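Below: one structure, written as structure tokens.
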Amino acid sequence: MASSSTSVVVSNKEKENKNTKKVTLKSSDGESFEVDESVAMESQTIKHIIEDGCANNEIPLPNVTSGILSRVIEYCKKHKEAAGESEPSVTSYTSNSTTNPLTEWDTEFVKVDQNTLFDLILAANYLDIKGLLDLTCKTVADMMKGKTPQEIRETFHIKNDYTPEEEAEVRKENQWAFE
Amino acid sequence: MKRRKLNNKERNHGVFTSIDDLSDDLKIEILCKFPAKLLAKLTCVCKSWQFLIINFCFPKMASKLAYTGHVSCVKRCINFKDVLIDEKLIAWWKTIERTLNKRDLLDSCNGLVLGFYTTALYPQSQSSSPRLCRYYVLNILTQQFDTITKQPHPRTSRYKYAALAYDPSKSCHYKIVYFQGFSALNIYNSKTGVWISLKYQHQLEHHVRKANWEKRSVYFDGALYRLSMSGHLIKFIVDQEITASARVKVESIDLPEVAKKSPLACIGVNQGVMHFSHSDKSNLRIWMLRHNCIRTDNNYVWCLKYTIPSQAILSQMIPSTYLKPMAFHPYDDTIILSLRVDNWFCKIEEYYFGDIQENKLRLSDPHTHYGSACKVVFPYLQCEVPFPIGTEKLIRSKRTIKQPAHLKDFTSS
């Protein structure tokens, strides 16, 4: 009698461990973040590392600083939660509809300075998180809409290497895009 | 541990990340997510962006073009079927239509439309003034319109034997190919802004050249194809470096025996392969062209794909209706047919021939009839990528935009 009850307790514990399996991600500046494996697997890069059996203790991410990594984890957590609550089809990353409950959260999430925004793009690309990459790229696109090329150069600190004649010509060729 | 090169960010001590710090690959990926109109604007920002957008983003965006309907010319009116759905596009098209006087639709290729019109050089003069001849190219989706002049000629109708060679997935530039008689091609290249004549006279046999040629051409894989009533498909290779001898490579391909010398035929590109269709009293046949380059000579083989009894298609029609294939759908097993009675009553319908059980006519609009005026139909592929405008003035302005030295040099045709 006693032995059977012990085995029941053990199997429950095993199940518990399996549900909340964790991984540790280490940022470039040495900070460690413990997250649920399912959340970490929002990143295809991390997913492959885990599946290949290379994730022993920690997964080092030398291209991502702690500040950015914590934000990325926040994004992944939020999106994983939403996916778990409703059907996968609702969490459409490129959705323009207001019915997407995450749209508002996403909009707030990308209200950051330019420096952070591009760091997020680099991180999303490196970690291969499609939703985050699409979101951040769309934000950059929105920042450019309605601006003149000069305003875009100023916003993004890009050097103008056209001579005035060259610039006038390329502008004339693409006049239709300014209407 | 090897010392790796510092990237921009590290050089700036990681203080500031700007968009220029991103690698070219990442820049391209981000830029490709933007709509084409925004990208056209962004080419004005700086040279490296212009280079990336024109050489990478636009070709990527043009690699698969959407198709919703065809364009036809009926009673000198150009109709876009199932294409003009956006209010803005319709409004834009209406203003363009008003500026085109006697409009003639000549060709449509990968989203670009070619037409021809003439205007009086001196509109005020009463007597017949010389006419200004112009080709026009337009893209409905990008709302672009441009004209290219041709020197005046007493018989301007000859200029209507022209076609477009345009593949935005390879290059933003296009060519207008005017078939100068039966011995040369007069080609306008938007890259150079000039017309060049290339002879091909001796490459085609006499009877092939002298037979009537079907007006419509199809551009496929760097070549223009035309049907000759001599029973041949003529292939003009237009995408090639102009050699010193200024000749264009031409060959004639024998058509299937049963289909020879009949005008009730058409060619088209379907699912990336050249197809040929022919109709006679009993059947509609569809072939595809297989091209083998095993030996030094080119080997072309027609594979019969489908034979459909005409009765199956015409069962509900007035007797003595006959079929003429007009064009192929680019992706589906569908062909665009025209149904004629004594050459005066004419309807354009799409016919799905893929699965025998499913063969049927898509009677889109049973009340439209065009009369004998509908001579040409082209599948209209939708291209969001812009084409260069104002290229005619290129040669005069001596364009010298150089590519940034540090970027790889990709040749564009």
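With the condition kept exactly as written, say whether any residue in the stretch B:49-60 is crowded, with 19+ Cβ neighbours inside 10 Å, in contact with a helix residue (DSSP H, G or I) (Cβ under 6 Å, 6 or more places away or on another chain), within 14 Å of another protein chain (Cβ to nearest Cβ) and among the aromatic types (F, W, Y).
Yes: one or more hits.
Show the residue pairs that are 6+ apart or on different chains and have beta-carbon atoms under 9 Å apart, the first residue being within the stretch A:146-170 and more than 7 Å from chain B (Cβ to nearest Cβ) and within 24 Å of A:L117 (Cβ to Cβ), the second being in a loop (DSSP other than H, G, I, E, B) and of a type in the set (K, R).
That search, which allows pairs on different chains as well, returns A:E154/A:K147; A:T155/A:K147.
Hey, can you tell me all the residues within the stretch A:128-149 that are within 13 Å of B:L26 (Cβ to Cβ) and touching a Leu at 6+ places or on another chain (Cβ under 8 Å)?
Matches in the stretch A:128-149: A:T136, A:V140.
Here are some conditions: (1) in a loop (DSSP other than H, G, I, E, B); (2) farther than 27 Å from B:V71 by Cα; (3) of a type in the set (S, T, Y). B:S169 meets all but one. Which one does it not meet?
Tallying (1) in a loop (DSSP other than H, G, I, E, B); (2) farther than 27 Å from B:V71 by Cα; (3) of a type in the set (S, T, Y), B:S169 fails exactly one: (2).
Which of the residues spanning the stretch A:46-86 are touching a Phe, Trp or Tyr at 6+ places or on another chain (Cβ under 9 Å) and part of a helix (DSSP H, G or I)?
Within the stretch A:46-86, the first condition is being touching a Phe, Trp or Tyr at 6+ places or on another chain (Cβ under 9 Å), and the residues that meet it are A:61, A:63-64, A:66, A:69-71, A:73-75, A:78-79, A:82.
Scanning the stretch A:46-86 gives A:S66, A:L69, A:S70, A:R71, A:I73, A:E74, A:Y75, A:K78, A:H79, A:A82.
Does at least one position in the stretch B:65-74 carry a residue that is at pLDDT below 75 and surrounded by fewer than 20 Cβ atoms within 10 Å (Cβ to Cβ)?
yes
Specify which of the listed residues (B:V194, B:V218, B:V250) is closer than 25 Å to B:Y174 by Cα, modelled with pLDDT under 90 and crowded, with 21+ Cβ neighbours inside 10 Å.
Of B:V194, B:V218, B:V250, the one residue that is closer than 25 Å to B:Y174 by Cα, modelled with pLDDT under 90 and crowded, with 21+ Cβ neighbours inside 10 Å is B:V250.
The values are calculated or read from the model by the stated rules, or taken from the named source; none is laboratory data. Keep in mind it's a predicted model, so treat the numbers as computed, not measured. Every residue, glycine among them, receives a Cβ derived from its backbone with ideal geometry; neighbour counts consider all protein chains shown.
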